[in-house]
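Asker: Encoded as structure tokens, here's the structure I'll be asking about.
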Amino acid sequence: MKITGTAIEEIRSVLTKPLEGGDLRHISAMGNLFVSGHKFPEDDNGLAITDNSKMDFWFQYSLKIDGVAYYFYGGTPIV
């Protein structure tokens, strides 16, 4: 997958404040995409195990930006 320069700038804009431990930050300009500073463990269904019980998250890809690794997740509200 190729990430465009515009997408990288959108991601950087939500990373102006550093990510903390279990932080999952929404990249609203990119729909249901979220970014974290670490990869979450997954349950048997492939869903990320996080502290947020109101959303389901699943791993999408990892990417280094400015030498720092980030992990990206899709997310949907739990109905």
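The values are calculated or read from the model by the stated rules, or taken from the named source; none is laboratory data. All figures in this text were calculated on a predicted structure; none of them were measured in a lab. Positions of Cβ are backbone-derived with ideal geometry, glycine not excepted, and every protein chain shown enters the neighbour counts.
Asker: Can you name the residue in the range 62-75 that is over 12 Å from the mean Cα position of the chain (by Cα) and loosely packed, with under 13 Cβ neighbours inside 10 Å and is also nearest to Pro18 (Cα to Cα) among such residues?
Answerer: My answer is Val68.
Asker: Another question, then. Show the residue pairs meeting these rules: Cβ distance below 9 Å; 6+ apart or different chains; first residue within the range 5-22 and without any contact (Cβ under 8 Å) to a residue 40 or more places away in the chain; second residue surrounded by fewer than 10 Cβ atoms within 10 Å (Cβ to Cβ).
Answerer: Close Cβ pairs satisfying both conditions: Gly22/Asp51.
Asker: Consider only pairs whose beta carbons are under 6 Å apart and that are at least six residues apart or on different chains; among these, list those whose first residue lies in the range 62-79 and is in contact (Cβ under 8 Å) with a residue 40 or more places away in the chain and whose second residue is among the hydroxyl-bearing types (Ser, Thr, Tyr) and buried (at least 16 other Cβ atoms within 10 Å of the Cβ).
Answerer: Hits for this filter: Leu63/Tyr70.
Asker: In the range 35-61, which residue that is among the polar types (S, T, N, Q) and surrounded by 13 or more Cβ atoms within 10 Å (Cβ to Cβ) is nearest to Pro18 (Cα to Cα)?
Answerer: Ser36
Asker: Scan (1) part of a loop (DSSP other than H, G, I, E, B); (2) without any contact (Cβ under 8 Å) to a residue 24 or more places away in the chain for the single condition Phe40 breaks and write down its number.
Answerer: Going through the list (1) part of a loop (DSSP other than H, G, I, E, B); (2) without any contact (Cβ under 8 Å) to a residue 24 or more places away in the chain, Phe40 breaks only (2).
Asker: Could I ask something else about it? Does Leu19 fit the bill of being under 13 Å from the mean Cα position of the chain (by Cα) and modelled with pLDDT under 90? I'd like the intermediate steps shown before the answer.
Answerer: Numbers: under 13 Å from the mean Cα position of the chain (by Cα): yes; modelled with pLDDT under 90: yes.
Yes: the conditions hold for Leu19.
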